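The structure under discussion appears below in the form of structure tokens.
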Amino acid sequence: MLIELTKKLISFKTYNDNELHECALFIKDYLENQGFKAEIKEYVKGYPVVISLSGKGKPLMLNGHFDVVPPGEGWSSDPFVPKVVDDKIYGRGATDMKAGLAVLMETYVSMADKLDYPLLFTAVPDEETGGKRGSKFLAEEFSP
């Protein structure tokens, strides 16, 4: 499942506004399809943040980003069509950080309802800009 989830996340061209929203909606829908409530919040217009909280109290936060910088030149194939070669996934954002985000998503859905403390899953679109349009606000709002 992690490979397919990572490939799907890579397929979003999340350096442009439209696909930031499409990717956020995909993540929200994925969490909801796994039985969790999720919302998309824009602390700053145009920058969707996905939030899912499993309970009340001071949470442990799992935070990942889904934005990437534009792919630039030199790709031998479409960087948004992921490839698996020799058990490695290639594509724009594979290591920074769409594979990591897939791991956080799977960790959340497999653990959130089994812990005796709240787990907060967040996916932000602004790591490439210093966290000023998502992560900063999450830290202030939830004090994880």
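What residue, among those in the range 115-132 that are assigned to a loop (DSSP other than H, G, I, E, B) and touching a helix residue (DSSP H, G or I) at 6+ places or on another chain (Cβ under 8 Å), is modelled with the lowest pLDDT? Reasoning before the result, please.
Our first condition is that a residue be assigned to a loop (DSSP other than H, G, I, E, B); within the range 115-132, this holds for 115-118, 125-126, 130-132.
Now drop any that are not touching a helix residue (DSSP H, G or I) at 6+ places or on another chain (Cβ under 8 Å), which leaves 125-126.
Values: P125: 94, D126: 87.
Among those residues, the one meeting the criterion is D126.
Could you please tell me which pairs satisfy a Cβ distance under 8 Å, a separation of 6+ or placement on different chains, a first residue in the range 130-144 that is closer than 19 Å to L119 by Cβ, and a second residue that is outside any helix (DSSP H, G or I) and among the basic types (K, R)?
Here the result reads S143/K58; P144/K58, each pair linking the range 130-144 to a residue that is outside any helix (DSSP H, G or I) and among the basic types (K, R).
Which numbered condition trips up I51, out of (1) within 15 Å of the chain's Cα centre (by Cα); (2) surrounded by fewer than 20 Cβ atoms within 10 Å (Cβ to Cβ); (3) in contact (Cβ under 8 Å) with a residue 60 or more places away in the chain?
Checking I51 against (1) within 15 Å of the chain's Cα centre (by Cα); (2) surrounded by fewer than 20 Cβ atoms within 10 Å (Cβ to Cβ); (3) in contact (Cβ under 8 Å) with a residue 60 or more places away in the chain, the one that fails is (2).
Using the structure shown, decide if K56 is under 19 Å from K28 (Cβ atoms), open to solvent by 60 Å² or more (accessible area, probe 1.4 Å) and of a type outside the set (S, T, N, Q).
The answer is no for K56.
Can you tell me which of T107, T122 is more than 21 Å from F80 (Cα to Cα), β-branched (V, I, T) and without any contact (Cβ under 8 Å) to a residue 60 or more places away in the chain?
T107
Within the range 81-114, can you find the residues that are open to solvent by less than 50 Å² (accessible area, probe 1.4 Å), out of contact with any strand residue (DSSP E or B) (no Cβ under 8 Å at 6 or more places or on another chain) and assigned to a loop (DSSP other than H, G, I, E, B)? Steps first, answer last, please.
First, pick out the residues of the range 81-114 that are open to solvent by less than 50 Å² (accessible area, probe 1.4 Å): 82, 89, 91-94, 97-102, 104-106, 108-109, 112.
Then drop every residue that is not out of contact with any strand residue (DSSP E or B) (no Cβ under 8 Å at 6 or more places or on another chain), which leaves 92-94, 98, 102, 106, 109.
R92, G93 - these are the residues of the range 81-114 that are open to solvent by less than 50 Å² (accessible area, probe 1.4 Å), out of contact with any strand residue (DSSP E or B) (no Cβ under 8 Å at 6 or more places or on another chain) and assigned to a loop (DSSP other than H, G, I, E, B).
The values are calculated or read from the model by the stated rules, or taken from the named source; none is laboratory data. Every value quoted in this text rests on a predicted model; they were computed, and no experiment measured them. With ideal geometry, Cβ positions are generated from the backbone for all residues, glycine too; neighbour counts draw on all protein chains shown. Note: accessible area is taken over every heavy atom of the protein model, side chains too, but ligands, DNA and RNA are not part of it. Shrake-Rupley method; radii C 1.70, N 1.55, O 1.52, S 1.80 Å.
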